[in-house]
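The values are calculated or read from the model by the stated rules, or taken from the named source; none is laboratory data. Quantities reported herein were computed from a predicted structural model and do not represent experimental measurements. Glycine also receives a Cβ, built like all others from the backbone with ideal geometry; neighbour counts cover every protein chain displayed.
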Amino acid sequence: MPTNRFKRLIPAALTGASLAVILISTSVTASAANGRAQAHLAATAAATASSGSGGTNHAVATAAATVAVGTVDATEAPTAAADVAPVTSNKDWKPQIEAKGGIEMALVPPGCFMMGNDFGPSEQPRTKICFDKPFWIDKFEVTNAQFKKLGGVAKHAGYWNDAQKPRESIAWTEAGAFCKLRNGRLPTEAEWEWAARGPDNLDYTWGNTWDPNAMVYALNSGFKAAVVGTKPTGVSWIGTLDMIGNVWEQTSSLYLPYPYDATDGREDPTNNKTPRVMRGGGFLNYRFTRTELRGYVYPGAVAAESGFRCAMDAQ
């Protein structure tokens, strides 16, 4: 990739409270307002801007009151297996992986969890979120090979072109368009967190105890993305991999303050000005990368630490 399109903005010290940001500029002139990509991967520990939460498909949110959540449309969505009963414990669910259009996806059952936490500036207040229908989410982050094979379109080439590495350096609109090619969509922020945490409200996809061998992060990544699925001990309760670390994952939700409410416009697909939420952290993050950690990216921005996975409604 030409060096005039690649800038690395790294804080003076990479610590647990700092976040390295990789930018790929759409213009040689860094100060150009039009066409300039600005990727802000905001860590909760250093959040200073107003923060937000993601809407969710087929869900109910309970803060002070119960809020009904609308359905995010997906054309010709695949049919799930028989009706899936809500789960109340992670151990009660046996992962169900199925290929959809040649890409493995994990079925996410209905149920409830506590979204957010009580200490992160952008992650509180905690809100009870309930899903009344299952949905599918990709087992892995979308890879370069999958993106190419299915006809994905992006303005910028990925920074790493290995076939099985995540497709990064992709704008929010481009990621969403690829999911639509698969009759899917980007997951909402709430869907993503439910898929990562489950009813046990896990801090990490593998449990509540930090394990440096379960994710691709700053101290083992070599400051680059890894082939997907290389940290099997980081598997989630539904069978997904790399939901913590490797690359940040874009969601459909606007970066707006909690408490969660999918009816307040945060799932507006036409808003191309407000940042969108990213989840999971990336290869430049440290151990503070938790399942409830939130980041954000502007819709037209691209970053070498920003990828995505798709979701589908299950009918």
TODO: State which residue is surrounded by the most Cβ atoms within 10 Å (Cβ to Cβ) when the search covers only the stretch 265-300 and only residues that are out of contact with any strand residue (DSSP E or B) (no Cβ under 9 Å at 6 or more places or on another chain) and without any contact (Cβ under 8 Å) to a residue 60 or more places away in the chain.
DONE: Lys273
TODO: Please enumerate the residues belonging to the stretch 157-182 that are crowded, with 18+ Cβ neighbours inside 10 Å, under 19 Å from Ala314 (Cβ atoms) and of a type in the set (A, V, I, L, M, F, W, C).
DONE: Cys179
Task: Number of positions in the stretch 170-191 that are under 24 Å from Pro110 (Cα atoms) and among the acidic types (Asp, Glu) - done: 2
Open item on the list: Being of a type in the set (Phe, Trp, Tyr), in contact with a Pro (Cβ under 8 Å, 6 or more places away or on another chain) and farther than 24 Å from Met105 by Cα is the filter here; which residues of the stretch 217-258 pass it?
Closed with: Tyr255, Tyr258
Open item on the list: I'd like to check which strands (runs of 3 or more DSSP E) are fully inside the stretch 236-315 and have at least 3 residues that are modelled with pLDDT of 95 or more and over 21 Å from Asp132 (Cα atoms).
Closed with: 248-254, 276-279, 294-297
Task: Subset of the stretch 221-244 (residues that are among the hydrophobic types (A, V, I, L, M, F, W, C), surrounded by fewer than 21 Cβ atoms within 10 Å (Cβ to Cβ) and over 16 Å from the mean Cα position of the chain (by Cα)) - done: Phe223, Val227
Open item on the list: Go through the stretch 205-220 and report how many residues are surrounded by fewer than 18 Cβ atoms within 10 Å (Cβ to Cβ) and assigned to a loop (DSSP other than H, G, I, E, B).
Closed with: 8
- [ ] Starting from the stretch 177-193, keep only residues that are under 23 Å from Val153 (Cβ atoms), then list their pairs with residues that are modelled with pLDDT of 95 or more and in a helix (DSSP H, G or I) whose Cβ atoms are within a distance under 7 Å, requiring at least 6 positions of separation or different chains.
- [x] Phe178/Phe147; Arg185/Gly176; Arg185/Cys179; Leu186/Ala175; Leu186/Gly176; Leu186/Cys179
Task: Residue count for the stretch 125-156, restricted to those that are surrounded by fewer than 18 Cβ atoms within 10 Å (Cβ to Cβ) and in a loop (DSSP other than H, G, I, E, B) - done: 6
